[in-house]
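Novice: Handing you a structure now.
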Amino acid sequence: MLSRPNLMVHLGTVLSGLACAYAQWLYLPGLSLGGVTVDWVVLWVVCFSFERTWWQGLLAGCMLGLVLDGLGPALPTHTLGLALVGVLTAWLRNYRLLQSEVLALGLIAFALAVLYETTLALQFMALGWVETDLLWAHHQRVSLASGLVTSLWAPLLWWPLRHWWKLTG
Amino acid sequence: MRAGLLRWWGRYQWQVVGTLVLLLAALYIRQTQAQVLTDVWYWLNWPLVGLEVVPPPNLSTYRTLELEQRLTSLEQENERLRTMLAVPVTPQSKPVAAQVIGRNGDHWWRTLVLNRGTTDGVALGNPVTAPGGLIGEVVAVSDRTARVLLVSDPLSKVGVQVNRTGAMGVVTGTYRSEGILEFFDSQSQVKLGDTVVTSGLSSRFPGNLPVGKISRLPDKRTEVLQATVQFTAPLDGLQWAFIHTGVVSRPLPDALTP
(Lines give C-alpha, C1' and ligand atoms only; values in the text may rest on other atoms or scores of the structure.)
Protein backbone atom coordinates (compact mmCIF):
# COMPACT_ATOMS: atom_id res chain seq x y z
CA MET A 1 0.00 0.00 0.00
CA LEU A 2 1.32 3.43 -0.86
CA SER A 3 1.87 5.80 2.01
CA ARG A 4 0.59 9.33 1.84
CA PRO A 5 3.93 11.17 1.31
CA ASN A 6 4.76 8.62 -1.39
CA LEU A 7 1.52 9.37 -3.20
CA MET A 8 2.28 13.10 -2.98
CA VAL A 9 5.68 12.55 -4.56
CA HIS A 10 4.15 10.58 -7.44
CA LEU A 11 1.49 13.23 -7.96
CA GLY A 12 4.19 15.89 -8.02
CA THR A 13 6.11 13.90 -10.60
CA VAL A 14 3.07 13.67 -12.89
CA LEU A 15 2.34 17.39 -12.47
CA SER A 16 5.95 18.37 -13.22
CA GLY A 17 5.78 16.29 -16.42
CA LEU A 18 2.56 18.04 -17.43
CA ALA A 19 4.11 21.42 -16.63
CA CYS A 20 6.95 20.58 -19.03
CA ALA A 21 4.44 19.66 -21.73
CA TYR A 22 2.78 23.07 -21.25
CA ALA A 23 6.13 24.88 -21.06
CA GLN A 24 6.73 24.30 -24.77
CA TRP A 25 3.86 26.72 -25.48
CA LEU A 26 5.60 29.52 -23.62
CA TYR A 27 8.11 31.62 -25.44
CA LEU A 28 10.69 32.91 -23.00
CA PRO A 29 13.28 35.00 -24.88
CA GLY A 30 15.97 34.45 -22.22
CA LEU A 31 15.76 30.68 -22.57
CA SER A 32 16.05 30.48 -26.35
CA LEU A 33 18.81 30.50 -28.92
CA GLY A 34 17.98 32.01 -32.29
CA GLY A 35 14.29 31.54 -31.63
CA VAL A 36 14.72 27.87 -30.71
CA THR A 37 13.57 27.07 -27.18
CA VAL A 38 14.52 24.42 -24.63
CA ASP A 39 13.13 20.92 -25.28
CA TRP A 40 11.46 20.83 -21.87
CA VAL A 41 9.89 17.44 -22.42
CA VAL A 42 13.16 15.79 -23.48
CA LEU A 43 14.81 17.37 -20.46
CA TRP A 44 12.12 16.02 -18.14
CA VAL A 45 12.43 12.47 -19.50
CA VAL A 46 16.24 12.67 -19.17
CA CYS A 47 15.95 13.84 -15.54
CA PHE A 48 13.36 11.15 -14.77
CA SER A 49 15.34 8.29 -16.29
CA PHE A 50 18.71 9.47 -14.97
CA GLU A 51 18.57 7.34 -11.83
CA ARG A 52 15.96 4.82 -12.86
CA THR A 53 15.77 1.65 -14.93
CA TRP A 54 15.39 1.59 -18.71
CA TRP A 55 11.80 0.36 -18.65
CA GLN A 56 10.77 3.16 -16.29
CA GLY A 57 12.33 5.58 -18.79
CA LEU A 58 10.51 3.83 -21.63
CA LEU A 59 7.12 4.10 -19.90
CA ALA A 60 7.65 7.77 -18.95
CA GLY A 61 8.75 8.57 -22.52
CA CYS A 62 5.71 6.82 -24.01
CA MET A 63 3.25 8.57 -21.69
CA LEU A 64 4.63 12.07 -22.26
CA GLY A 65 4.86 11.31 -25.98
CA LEU A 66 1.17 10.44 -26.07
CA VAL A 67 0.31 13.65 -24.22
CA LEU A 68 2.36 15.68 -26.75
CA ASP A 69 0.66 13.89 -29.65
CA GLY A 70 -2.61 15.15 -28.17
CA LEU A 71 -1.43 18.72 -27.57
CA GLY A 72 -0.10 19.06 -31.12
CA PRO A 73 -0.68 17.20 -34.38
CA ALA A 74 -0.57 13.42 -33.74
CA LEU A 75 1.72 12.73 -36.69
CA PRO A 76 4.73 12.60 -36.70
CA THR A 77 4.53 10.92 -33.31
CA HIS A 78 6.61 12.21 -30.38
CA THR A 79 6.23 8.86 -28.57
CA LEU A 80 8.99 7.12 -30.50
CA GLY A 81 11.63 9.78 -29.85
CA LEU A 82 10.80 10.24 -26.17
CA ALA A 83 10.72 6.47 -25.50
CA LEU A 84 14.20 6.26 -27.05
CA VAL A 85 15.34 9.18 -24.89
CA GLY A 86 14.11 7.39 -21.75
CA VAL A 87 15.74 4.07 -22.56
CA LEU A 88 19.05 5.59 -23.69
CA THR A 89 19.37 7.89 -20.67
CA ALA A 90 19.08 4.97 -18.24
CA TRP A 91 21.44 2.88 -20.37
CA LEU A 92 24.08 5.61 -20.76
CA ARG A 93 23.95 6.49 -17.09
CA ASN A 94 24.70 2.85 -16.19
CA TYR A 95 28.24 3.21 -17.49
CA ARG A 96 29.04 6.17 -15.21
CA LEU A 97 31.58 7.48 -17.69
CA LEU A 98 31.71 10.85 -15.94
CA GLN A 99 32.10 11.49 -12.25
CA SER A 100 30.33 14.83 -12.37
CA GLU A 101 26.57 14.40 -12.29
CA VAL A 102 25.76 17.77 -13.85
CA LEU A 103 28.24 17.32 -16.67
CA ALA A 104 26.91 13.85 -17.49
CA LEU A 105 23.35 15.22 -17.43
CA GLY A 106 24.26 18.09 -19.76
CA LEU A 107 26.01 15.82 -22.25
CA ILE A 108 23.21 13.27 -22.28
CA ALA A 109 20.61 16.04 -22.66
CA PHE A 110 22.50 17.49 -25.65
CA ALA A 111 22.93 14.16 -27.44
CA LEU A 112 19.37 13.00 -26.84
CA ALA A 113 17.76 16.33 -27.78
CA VAL A 114 19.56 16.05 -31.13
CA LEU A 115 18.40 12.42 -31.44
CA TYR A 116 14.81 13.37 -30.59
CA GLU A 117 14.69 16.11 -33.24
CA THR A 118 16.18 13.63 -35.72
CA THR A 119 13.41 11.07 -35.10
CA LEU A 120 10.88 13.80 -35.90
CA ALA A 121 12.77 14.88 -39.02
CA LEU A 122 13.02 11.28 -40.27
CA GLN A 123 9.28 10.84 -39.81
CA PHE A 124 8.59 14.06 -41.72
CA MET A 125 10.81 12.76 -44.52
CA ALA A 126 9.05 9.37 -44.57
CA LEU A 127 5.67 11.12 -44.70
CA GLY A 128 6.92 13.33 -47.53
CA TRP A 129 5.05 16.44 -46.34
CA VAL A 130 7.99 18.85 -46.34
CA GLU A 131 10.52 19.44 -49.09
CA THR A 132 13.73 17.54 -48.27
CA ASP A 133 16.18 20.49 -48.57
CA LEU A 134 14.07 22.72 -46.35
CA LEU A 135 13.53 19.87 -43.86
CA TRP A 136 17.21 19.08 -43.30
CA ALA A 137 18.29 22.73 -43.23
CA HIS A 138 15.66 23.30 -40.54
CA HIS A 139 16.71 20.12 -38.72
CA GLN A 140 20.33 21.23 -38.58
CA ARG A 141 19.41 24.60 -37.09
CA VAL A 142 16.81 23.27 -34.66
CA SER A 143 18.65 20.19 -33.39
CA LEU A 144 21.92 21.98 -32.63
CA ALA A 145 20.29 25.05 -31.08
CA SER A 146 17.81 23.10 -28.98
CA GLY A 147 20.50 20.60 -27.95
CA LEU A 148 22.67 23.48 -26.71
CA VAL A 149 19.99 25.36 -24.77
CA THR A 150 18.57 22.12 -23.38
CA SER A 151 21.93 21.02 -21.99
CA LEU A 152 22.69 24.51 -20.66
CA TRP A 153 19.42 24.76 -18.77
CA ALA A 154 19.39 21.11 -17.65
CA PRO A 155 20.33 21.89 -14.00
CA LEU A 156 17.35 24.27 -13.79
CA LEU A 157 14.98 21.29 -13.92
CA TRP A 158 17.33 18.71 -12.45
CA TRP A 159 17.88 20.30 -9.00
CA PRO A 160 14.25 20.79 -7.99
CA LEU A 161 13.23 17.40 -9.39
CA ARG A 162 16.08 15.57 -7.62
CA HIS A 163 15.25 17.19 -4.30
CA TRP A 164 11.62 16.30 -4.80
CA TRP A 165 12.46 12.66 -5.52
CA LYS A 166 14.76 12.49 -2.50
CA LEU A 167 11.64 12.84 -0.37
CA THR A 168 10.79 9.21 -1.16
CA GLY A 169 14.03 8.23 0.55
CA MET B 1 5.72 -20.22 -9.11
CA ARG B 2 2.25 -19.12 -8.01
CA ALA B 3 3.53 -18.04 -4.63
CA GLY B 4 6.30 -16.07 -6.33
CA LEU B 5 3.81 -14.30 -8.58
CA LEU B 6 1.60 -13.49 -5.60
CA ARG B 7 4.55 -12.10 -3.70
CA TRP B 8 5.52 -9.99 -6.71
CA TRP B 9 1.97 -8.72 -7.03
CA GLY B 10 1.80 -7.95 -3.31
CA ARG B 11 4.94 -5.89 -3.64
CA TYR B 12 4.30 -4.06 -6.88
CA GLN B 13 0.51 -3.92 -7.23
CA TRP B 14 0.28 -0.17 -6.67
CA GLN B 15 3.08 0.60 -9.08
CA VAL B 16 1.43 -1.58 -11.77
CA VAL B 17 -2.04 -0.14 -11.22
CA GLY B 18 -0.68 3.41 -11.12
CA THR B 19 1.30 2.94 -14.33
CA LEU B 20 -1.71 1.44 -16.10
CA VAL B 21 -3.95 4.32 -15.01
CA LEU B 22 -1.39 6.85 -16.23
CA LEU B 23 -0.96 5.05 -19.56
CA LEU B 24 -4.73 4.98 -20.10
CA ALA B 25 -4.94 8.69 -19.23
CA ALA B 26 -2.16 9.46 -21.73
CA LEU B 27 -3.94 7.44 -24.43
CA TYR B 28 -7.21 9.26 -23.69
CA ILE B 29 -5.42 12.61 -23.97
CA ARG B 30 -3.96 11.61 -27.33
CA GLN B 31 -7.27 10.36 -28.74
CA THR B 32 -9.21 13.48 -27.68
CA GLN B 33 -6.51 15.83 -29.02
CA ALA B 34 -5.86 16.95 -25.43
CA GLN B 35 -9.07 18.98 -25.33
CA VAL B 36 -9.17 18.71 -21.52
CA LEU B 37 -5.53 19.78 -21.19
CA THR B 38 -5.91 22.77 -23.52
CA ASP B 39 -8.96 23.91 -21.55
CA VAL B 40 -6.93 23.58 -18.34
CA TRP B 41 -4.25 25.72 -20.03
CA TYR B 42 -6.95 28.31 -20.78
CA TRP B 43 -7.80 28.54 -17.08
CA LEU B 44 -4.11 28.62 -16.10
CA ASN B 45 -3.75 31.63 -18.37
CA TRP B 46 -6.67 33.60 -17.01
CA PRO B 47 -4.58 35.88 -14.77
CA LEU B 48 -2.85 37.05 -17.94
CA VAL B 49 -5.79 36.98 -20.27
CA GLY B 50 -8.68 37.83 -17.96
CA LEU B 51 -12.01 36.09 -17.80
CA GLU B 52 -13.95 38.90 -19.41
CA VAL B 53 -14.08 39.36 -23.15
CA VAL B 54 -11.46 42.10 -23.39
CA PRO B 55 -11.52 44.20 -26.53
CA PRO B 56 -8.20 44.20 -28.40
CA PRO B 57 -6.08 47.32 -28.04
CA ASN B 58 -7.16 50.08 -30.36
CA LEU B 59 -4.53 50.10 -33.08
CA SER B 60 -6.17 52.78 -35.17
CA THR B 61 -4.44 56.01 -35.87
CA TYR B 62 -6.16 58.82 -37.76
CA ARG B 63 -4.71 57.58 -41.03
CA THR B 64 -6.02 54.02 -40.54
CA LEU B 65 -9.40 55.40 -39.45
CA GLU B 66 -9.60 57.31 -42.72
CA LEU B 67 -8.57 54.23 -44.70
CA GLU B 68 -11.09 52.07 -42.84
CA GLN B 69 -13.89 54.46 -43.78
CA ARG B 70 -12.83 54.46 -47.39
CA LEU B 71 -12.64 50.66 -47.31
CA THR B 72 -16.17 50.38 -45.90
CA SER B 73 -17.60 52.61 -48.56
CA LEU B 74 -15.75 50.72 -51.28
CA GLU B 75 -16.95 47.40 -49.86
CA GLN B 76 -20.52 48.66 -49.91
CA GLU B 77 -20.16 49.87 -53.46
CA ASN B 78 -18.62 46.53 -54.45
CA GLU B 79 -21.53 44.69 -52.86
CA ARG B 80 -24.07 46.86 -54.72
CA LEU B 81 -22.30 46.27 -58.04
CA ARG B 82 -22.13 42.54 -57.37
CA THR B 83 -25.87 42.38 -56.69
CA MET B 84 -26.53 44.34 -59.90
CA LEU B 85 -24.46 41.80 -61.84
CA ALA B 86 -26.02 38.89 -59.90
CA VAL B 87 -22.58 37.73 -58.66
CA PRO B 88 -22.94 35.92 -55.30
CA VAL B 89 -21.90 38.07 -52.35
CA THR B 90 -19.72 36.32 -49.76
CA PRO B 91 -21.29 37.01 -46.38
CA GLN B 92 -18.97 38.90 -44.02
CA SER B 93 -19.55 38.51 -40.31
CA LYS B 94 -17.74 40.24 -37.49
CA PRO B 95 -14.61 38.27 -36.58
CA VAL B 96 -14.01 37.05 -33.02
CA ALA B 97 -11.04 38.71 -31.30
CA ALA B 98 -8.79 36.20 -29.52
CA GLN B 99 -5.65 36.43 -27.43
CA VAL B 100 -2.59 34.26 -28.03
CA ILE B 101 -2.02 31.91 -25.06
CA GLY B 102 0.59 29.61 -26.58
CA ARG B 103 2.91 29.37 -29.55
CA ASN B 104 4.91 26.77 -31.49
CA GLY B 105 4.13 23.44 -29.81
CA ASP B 106 7.46 21.97 -30.83
CA HIS B 107 10.12 23.09 -33.26
CA TRP B 108 8.50 21.38 -36.23
CA TRP B 109 5.23 23.26 -36.40
CA ARG B 110 4.35 26.90 -36.68
CA THR B 111 1.20 27.11 -34.59
CA LEU B 112 -0.63 29.36 -32.15
CA VAL B 113 -3.08 28.57 -29.36
CA LEU B 114 -5.90 31.11 -29.04
CA ASN B 115 -8.31 31.57 -26.15
CA ARG B 116 -11.52 31.12 -28.17
CA GLY B 117 -13.16 27.77 -28.85
CA THR B 118 -16.41 26.07 -29.84
CA THR B 119 -18.30 28.01 -27.13
CA ASP B 120 -17.48 31.18 -29.10
CA GLY B 121 -18.57 29.61 -32.39
CA VAL B 122 -15.09 28.74 -33.67
CA ALA B 123 -14.99 25.76 -36.05
CA LEU B 124 -12.32 23.78 -37.88
CA GLY B 125 -11.02 25.51 -40.98
CA ASN B 126 -11.94 29.06 -39.92
CA PRO B 127 -9.45 31.57 -41.35
CA VAL B 128 -7.52 33.66 -38.83
CA THR B 129 -6.20 37.17 -39.46
CA ALA B 130 -4.20 39.75 -37.54
CA PRO B 131 -3.47 43.42 -38.19
CA GLY B 132 -1.55 43.05 -41.46
CA GLY B 133 -3.44 40.19 -43.05
CA LEU B 134 -4.02 36.46 -43.09
CA ILE B 135 -2.03 34.47 -40.53
CA GLY B 136 -3.49 30.97 -40.79
CA GLU B 137 -6.45 28.67 -40.18
CA VAL B 138 -7.95 26.77 -37.26
CA VAL B 139 -6.83 23.12 -37.26
CA ALA B 140 -8.07 21.97 -33.82
CA VAL B 141 -10.67 23.28 -31.39
CA SER B 142 -11.66 22.55 -27.80
CA ASP B 143 -14.42 24.22 -25.79
CA ARG B 144 -12.34 27.27 -24.99
CA THR B 145 -9.24 27.15 -27.19
CA ALA B 146 -8.37 26.93 -30.86
CA ARG B 147 -5.10 25.82 -32.45
CA VAL B 148 -4.05 27.76 -35.55
CA LEU B 149 -1.69 26.52 -38.25
CA LEU B 150 0.26 29.61 -39.36
CA VAL B 151 0.92 30.46 -43.00
CA SER B 152 4.66 30.14 -42.25
CA ASP B 153 4.29 26.37 -41.65
CA PRO B 154 5.45 24.26 -44.61
CA LEU B 155 2.18 22.30 -44.41
CA SER B 156 0.10 25.43 -44.92
CA LYS B 157 -0.90 26.06 -48.52
CA VAL B 158 -2.84 29.19 -49.42
CA GLY B 159 -4.31 29.86 -52.87
CA VAL B 160 -3.38 33.46 -53.76
CA GLN B 161 -3.30 35.96 -56.55
CA VAL B 162 -1.05 38.93 -57.26
CA ASN B 163 -3.27 41.98 -57.00
CA ARG B 164 -1.79 43.97 -59.89
CA THR B 165 -1.46 41.28 -62.57
CA GLY B 166 -4.08 38.78 -61.38
CA ALA B 167 -1.52 35.95 -61.58
CA MET B 168 -2.57 32.95 -59.50
CA GLY B 169 -0.46 30.63 -57.39
CA VAL B 170 -0.01 28.86 -54.05
CA VAL B 171 1.97 30.18 -51.06
CA THR B 172 3.77 27.59 -48.91
CA GLY B 173 5.51 28.34 -45.60
CA THR B 174 9.23 27.85 -44.94
CA TYR B 175 9.30 28.09 -41.09
CA ARG B 176 10.31 31.77 -41.53
CA SER B 177 8.50 35.04 -42.12
CA GLU B 178 8.81 34.45 -45.86
CA GLY B 179 6.86 32.00 -47.97
CA ILE B 180 7.43 30.48 -51.41
CA LEU B 181 4.87 31.49 -54.03
CA GLU B 182 4.53 28.99 -56.86
CA PHE B 183 2.73 30.41 -59.87
CA PHE B 184 0.51 28.28 -62.05
CA ASP B 185 2.09 29.65 -65.22
CA SER B 186 5.16 31.60 -66.25
CA GLN B 187 5.25 35.15 -64.85
CA SER B 188 7.22 37.95 -66.40
CA GLN B 189 5.25 41.02 -65.30
CA VAL B 190 5.40 40.47 -61.53
CA LYS B 191 7.40 43.20 -59.76
CA LEU B 192 9.03 43.53 -56.36
CA GLY B 193 6.59 44.86 -53.79
CA ASP B 194 3.42 43.63 -55.55
CA THR B 195 0.74 42.78 -53.00
CA VAL B 196 -0.44 39.18 -52.74
CA VAL B 197 -4.00 38.46 -51.55
CA THR B 198 -6.03 35.27 -51.07
CA SER B 199 -7.61 34.12 -54.29
CA GLY B 200 -11.36 34.37 -54.57
CA LEU B 201 -11.39 31.07 -56.44
CA SER B 202 -9.96 29.18 -53.46
CA SER B 203 -12.67 27.45 -51.44
CA ARG B 204 -10.50 27.44 -48.33
CA PHE B 205 -10.23 31.15 -47.63
CA PRO B 206 -12.43 34.13 -48.44
CA GLY B 207 -11.02 36.20 -51.29
CA ASN B 208 -8.95 39.39 -51.08
CA LEU B 209 -7.44 38.94 -47.61
CA PRO B 210 -3.93 40.46 -47.71
CA VAL B 211 -1.19 37.81 -47.35
CA GLY B 212 2.10 39.52 -48.15
CA LYS B 213 4.34 41.31 -50.62
CA ILE B 214 6.65 39.91 -53.28
CA SER B 215 10.15 40.19 -51.81
CA ARG B 216 12.17 38.22 -54.37
CA LEU B 217 11.42 37.68 -58.04
CA PRO B 218 11.45 34.39 -59.93
CA ASP B 219 14.90 33.37 -61.10
CA LYS B 220 14.48 33.37 -64.88
CA ARG B 221 17.04 30.59 -65.45
CA THR B 222 16.21 28.01 -62.77
CA GLU B 223 12.92 28.54 -60.99
CA VAL B 224 10.71 30.25 -63.51
CA LEU B 225 7.55 29.75 -61.47
CA GLN B 226 8.79 30.62 -57.97
CA ALA B 227 8.82 33.95 -56.13
CA THR B 228 9.30 34.77 -52.46
CA VAL B 229 6.57 36.45 -50.43
CA GLN B 230 7.16 38.41 -47.23
CA PHE B 231 4.11 37.97 -44.96
CA THR B 232 2.66 41.34 -43.96
CA ALA B 233 1.28 40.21 -40.58
CA PRO B 234 4.01 40.02 -37.90
CA LEU B 235 3.81 36.27 -37.19
CA ASP B 236 6.38 36.18 -34.39
CA GLY B 237 5.22 38.70 -31.85
CA LEU B 238 1.46 38.29 -32.14
CA GLN B 239 -0.69 39.05 -29.10
CA TRP B 240 -4.09 39.28 -30.76
CA ALA B 241 -5.72 37.50 -33.66
CA PHE B 242 -9.16 37.55 -35.27
CA ILE B 243 -11.01 34.32 -36.05
CA HIS B 244 -13.49 34.59 -38.92
CA THR B 245 -16.19 32.31 -37.59
CA GLY B 246 -18.76 33.12 -40.24
CA VAL B 247 -16.79 31.36 -42.96
CA VAL B 248 -18.12 27.88 -43.60
CA SER B 249 -15.74 25.18 -42.40
CA ARG B 250 -14.40 22.68 -44.86
CA PRO B 251 -12.52 19.38 -44.64
CA LEU B 252 -8.90 19.79 -43.59
CA PRO B 253 -5.99 18.41 -45.61
CA ASP B 254 -5.27 14.72 -44.87
CA ALA B 255 -2.11 15.48 -42.94
CA LEU B 256 -4.01 17.36 -40.26
CA THR B 257 -7.00 15.10 -39.62
CA PRO B 258 -6.62 13.41 -36.24
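Novice: Evaluate the range B:190-197: report whether one residue or more is at positive phi and open to solvent by less than 50 Å² (accessible area, probe 1.4 Å).
Specialist: Checked against the condition, which is being at positive phi and open to solvent by less than 50 Å² (accessible area, probe 1.4 Å), the range B:190-197 yields at least one hit.
Novice: Something else about it: Would you mind stating whether B:GLY166 is among the small types (Gly, Ala, Ser) and modelled with pLDDT of 90 or more?
Specialist: no
Novice: Turning to a different aspect of this structure: Please find, among A:LEU135, A:LEU148, the residue that is part of a helix (DSSP H, G or I), more than 25 Å from B:GLU178 (Cα to Cα) and either facing chain B (nearest Cβ under 9 Å) or touching a Phe, Trp or Tyr at 6+ places or on another chain (Cβ under 9 Å) (or both).
Specialist: Numbers: A:LEU135 fails: more than 25 Å from B:GLU178 (Cα to Cα).
When all the criteria are applied, what remains is A:LEU148.
Novice: Could you list, in sequence order, all residues of the range B:132-169 that are assigned to a loop (DSSP other than H, G, I, E, B) and under 26 Å from B:ALA34 (Cβ atoms)?
Specialist: Result: B:SER142, B:ASP143, B:ARG144, B:THR145, B:VAL151, B:SER152, B:ASP153, B:PRO154, B:LEU155, B:SER156.
Novice: Can you tell me how many residues in the range B:100-129 are away from every other protein chain (no Cβ under 12 Å), open to solvent by less than 10 Å² (accessible area, probe 1.4 Å) and either of a type in the set (Phe, Trp, Tyr) or closer than 17 Å to B:GLY207 by Cα (or both)?
Specialist: 4
Novice: List every residue pair whose Cβ atoms lie under 8 Å apart, where the two residues are 6 or more positions apart in sequence or sit on different chains, the first residue falls within the range B:199-222 and is modelled with pLDDT of 75 or more and among the hydroxyl-bearing types (Ser, Thr, Tyr), and the second residue, located anywhere, is open to solvent by 70 Å² or more (accessible area, probe 1.4 Å) and outside any strand (DSSP E or B).
Specialist: Listed by first residue and then by second, the contacts come to B:SER215/B:LEU192.
Novice: Would you tally the residues in the range B:139-191 being in contact (Cβ under 8 Å) with a residue 60 or more places away in the chain and of a type outside the set (Val, Ile, Thr)?
Specialist: 13
Novice: Where residues in the range A:20-37 are at the interface with another protein chain (Cβ under 10 Å from one of its Cβ atoms) and under 14 Å from A:GLY65 (Cα atoms), which of them is modelled with the lowest pLDDT?
Specialist: So, considering only residues that are at the interface with another protein chain (Cβ under 10 Å from one of its Cβ atoms) and under 14 Å from A:GLY65 (Cα atoms), the one modelled with the lowest pLDDT is A:GLN24.
Novice: Step by step: first the residues of the range A:38-76, then only those that are within 27 Å of B:VAL148 (Cβ to Cβ) and free of Cβ contacts under 8 Å to residues at least 40 places away in the same chain, then the one that is farthest from the other protein chains (Cβ to nearest Cβ). Which residue is that?
Specialist: Among residues in the range A:38-76 that are within 27 Å of B:VAL148 (Cβ to Cβ) and free of Cβ contacts under 8 Å to residues at least 40 places away in the same chain, the one farthest from the other protein chains (Cβ to nearest Cβ) is A:GLY65.
The values are calculated or read from the model by the stated rules, or taken from the named source; none is laboratory data. Quick caveat: nothing in here was measured; it's all calculated off a predicted structure. In this analysis, Cβ positions are derived from the backbone assuming ideal geometry, glycine residues included, and neighbour counts consider all displayed protein chains. We work out accessible area using only protein heavy atoms, side chains counted, and drop any ligands, DNA or RNA first. Shrake-Rupley method; radii C 1.70, N 1.55, O 1.52, S 1.80 Å.
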